[in-house]
Amino acid sequence: MTRALFTIAICLWAAGAARDAVDDWVDATQLPSLTADVSREIRDRDRVLLRAYTTPDGRWRLPVTLAKVDPTYLKMLIRYEDKRFASHSGVDPVAMIRASGQALWHGQVVSGGSTLTMQVARLLDGGSSSHLAGKLRQIRVALALERQLSKDQILTLYLNHAPFGGNIEGVRAASYAYFDRPPRRLTPAQAALLVALPQSPEARRPDRASDQATRARDHVLNRLAAFDVIDDATRAAATAKPVPSTRHLIPALAPHLTDRVIAVDDISHRIDLTLDRQLQTRLEQLAADAVQGRSDGLQIAIIAADHQTGHVLAHVGSAAYSADGRGGFLDLTQAVRSPGSTLKPLVYGLGFDRGLIHPETLIADRPTDFGGYAPQNFDGYFRGELRVRTALQHSLNIPAVAVTEALGPVHLLAGLRRAGANPRMPNGRPGLAIALGGVGLNLEDLVRLYAAIGNAGQAVDLRWHDAPSTGFAPHQVLDAAAAWHVADILNDVPRPTGVKGAGVAFKTGTSYGHRDAWAIGFDGRHVVGVWMGRPDGTPVPGAFGGDLAAPVLFDAFARIKPVTAPIGPPPHHALLLPTAQLPRHLQHFGDPRDIATPAPSIAFPPDGAVLEGTLLTVKVRDGRAPFIWMANGEPVARTHRQQIDIAAPGIGFSSLTVIDANGQSDQAQIAIE
């Protein structure tokens, strides 16, 4: 090597006499490929790295630009490795001659004469430079690179290809692997270590040879202090820092979701999601803490989303993405399970929507046989007559089944589908048991449902990409007033013992046999769902949604800031009355006196009326709320009130129709002048 350096130095000195020949030689150079496979990256909503995948040859190679690297590191690198980088043409004759002289004097290589451009040439070409032919090839490629690329482009190539030990290539991958941070946030001690490593990446790997790594880093720091790149105080502080003795994992957040994403998109090298990296980190830790120390094989899944935008903010498929005996590699947000009592809010919401019940309606909780189906309450007790509000807050089974019978189970399934859920029926046609969990749903399905309730009853396009889902239609799952009533009730559900959680409307559920524990809730902006159980679906003795999943739900909301109130002012058409002042058919659910409700009749305007103006007062007598008013066959209003104002139809003759909750109707012909 000493003789090769000396020979090359002499050749460089003599090259001036044959400049034209050298130019032709350089111009004829066949450059190696300037591109290489890079790691696929998944980033969060702020374009921060969530997860990366190794290249096909098993390397971590995370692309980076100059703007994303700490300026101090760049300054250190250039001054230490190639101080004339900005001015030379690829080869630094001064450095080469100096290195040759030192080698001859000491009998061994003391300092290298390679420029950063020559190092890039070696990295791209993959050949050896220990012999004369290899060194000449490196010089030739370096000179050709300088003619075809800018200095910034060459430096960028170095930052992306320099070796840092093991399967780590490039300064960005090294920064994450050794310091668990992006390269724009390096300390002087960290920057100096990354300057030192590529010179001898295997011998100086800090996770395997911390003493050698420390000596190499300190040598860089001492040299840079002597060059006045850093001051003595910075050098002293940096040399006092220990080098990392372990290698961090490259970020692998939201592993279950990111696996799903790249399975769908197998082309893009960079994919941006709606997740919030900080929240994802906090909820993954929460999930791990929730099952830590348990010997019953319990697992957990959590989803957090913004129900106004539909953006998924955090997605935890299990407590640990590992072969931990708990099915850690399974994405349990997709596990189809019985939802227990978590569908009761939809049952009552549809009841409100159809005018069957009101939160203040009295309903019976007593032993009932529904055509051979005789459900029991969870605790085996019956409460007698109570308000619908209380029945939902205490998750009583008999009232929920009674309302489902009045609605029809098919309509409950339709409500789920309008919310974007995909209910699976184990036995084909749904029965009344659907109200108590007799249907298959996963955590994503339930988060969609509760997102719709929190979003004034409108279905939410739950997604993890910014772009709206193809084919999503904004269905109205519940009327805004019905959704408001449900949120108002759930906001006052008793909290688990010792849990504080103001501003969260929530519901828990426990499936038959204690197989699944659920807690789903929302505030004014966010919706969170928690599932806990065993991956194989076997029972977890003593597991209840309220005891097991609900505390995790409120811990999740505590990590979401700020929490906003789940309910705002009621919609203008919401009926806010005590039981005694409700319309008679809403005072008591299932009252035999309400079976034959008189048909509605239009009290004003009368048939044949001639009216003026742009605003029309309409009034209905009898019938069962809510009432739908139509003008010339087009719906114009939906209300629980008997008298409202609507926009008058256009000039001329019009047909005015009112339809009540029982489907009975009345019609009047009017004229507008």
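The values are calculated or read from the model by the stated rules, or taken from the named source; none is laboratory data. Small disclaimer: the values here were computed from a predicted structure and weren't measured. With ideal geometry, Cβ positions are generated from the backbone for all residues, glycine too; neighbour counts draw on all protein chains shown. Note: areas computed on protein heavy atoms with side chains; ligands, DNA, RNA excluded. Shrake-Rupley method; radii C 1.70, N 1.55, O 1.52, S 1.80 Å.
For this structure, a couple of remarks:
- Net charge dipole, the chain: roughly 2060 debye, given to the nearest 20, about the Cα centre with Cβ charges of +1 for Lys and Arg and -1 for Asp and Glu.
- Computed on region 521-590, the Cα convex hull volume stands at 187 Å³ per residue.
- For region 261-355, the orientation-averaged shadow of the C-alpha convex hull comes to 9.1 nm² (one quarter of the hull surface).
- Rounded to the nearest angstrom and listed largest first, the equivalent-ellipsoid semi-axes of region 23-100 from its Cα gyration tensor are 33, 20, 12.
- Within the accessible area of region 187-261 (1.4 Å probe), percent carbon and sulfur: 50
- With the convex hull drawn over the C-alpha atoms of the chain, the volume per residue is 223 Å³.
- Cα centroids of region 409-465 and region 202-217: 57 Å apart.
- Bridge type composition, the chain - antiparallel percent by DSSP, nearest 5: 90
- Inverse of mean 1/r across different Cα pairs in region 593-673, Kirkwood, Å: 12.6
- When the helices of the chain are scored as -39500 (n - 2.57) per DSSP H run of n ≥ 4 and the total is divided over every residue, the value at 222 nm lands at -10000 deg cm²/dmol.
- Mean-position separation - Cα centroids, region 304-348 and region 507-585, in angstrom: 14
- Sorting the segments 521-531, 21-31, 474-484, 207-217 by their mean number of nearby beta carbons within 10 angstrom, highest to lowest, gives 521-531, 474-484, 207-217, 21-31.
- Per residue, the chain exposes 44 Å² of solvent-accessible protein surface, assessed with a 1.4 angstrom probe and all protein chains in place.
- Global size of region 168-252 as Cα Rg and Dmax, reported in angstrom: 12.2, 40
- DSSP beta bridges fully contained in region 578-673 are about 95 percent antiparallel.
- Here region 216-325 is treated as a sphere whose radius is the Kirkwood value from Cα pairs; by Stokes-Einstein at 37 °C and 0.692 mPa s it diffuses with a coefficient of 183 µm²/s.
- Size descriptor, Kirkwood hydrodynamic radius, that averages inverse alpha-carbon separations across region 342-470, Å: 15.4
- Over all Cα atoms in region 470-512, the spread is summed up by Rg and Dmax: 14.5, 44 Å.
- Directionally averaged shadow of region 376-429, computed from the convex hull of its alpha-carbon atoms, nm²: 4.8
- D_trans [Stokes-Einstein, Kirkwood Rh over alpha-carbon pairs] for region 555-636, 4 °C, 1.567 mPa s, µm² s⁻¹: 75
- The count of lysine pairs in the chain that are at least 8 places apart or cross chains, and whose C-alpha atoms lie under 23 Å apart, stands at 11.
- Percentage, to the nearest whole number, of Cα pairs in region 483-545 over 15 Å apart: 55
- Protein accessible area in region 504-612, 1.4 Å probe - carbon and sulfur %: 59
- Alpha-carbon Rg with Dmax, taken over region 480-637, Å: 22.8, 71
- Intensity falloff of region 278-424 expressed as log10 I(q)/I(0), Debye formula with alpha-carbon point scatterers, at q = 0.14 Å⁻¹: -0.87
- Between region 490-504 and region 598-650, the C-alpha centres lie 42 angstrom from each other.
- Rounded D (µm²/s) - region 434-562, Kirkwood Rh over Cα pairs, Stokes-Einstein at 4 °C, 1.567 mPa s: 84
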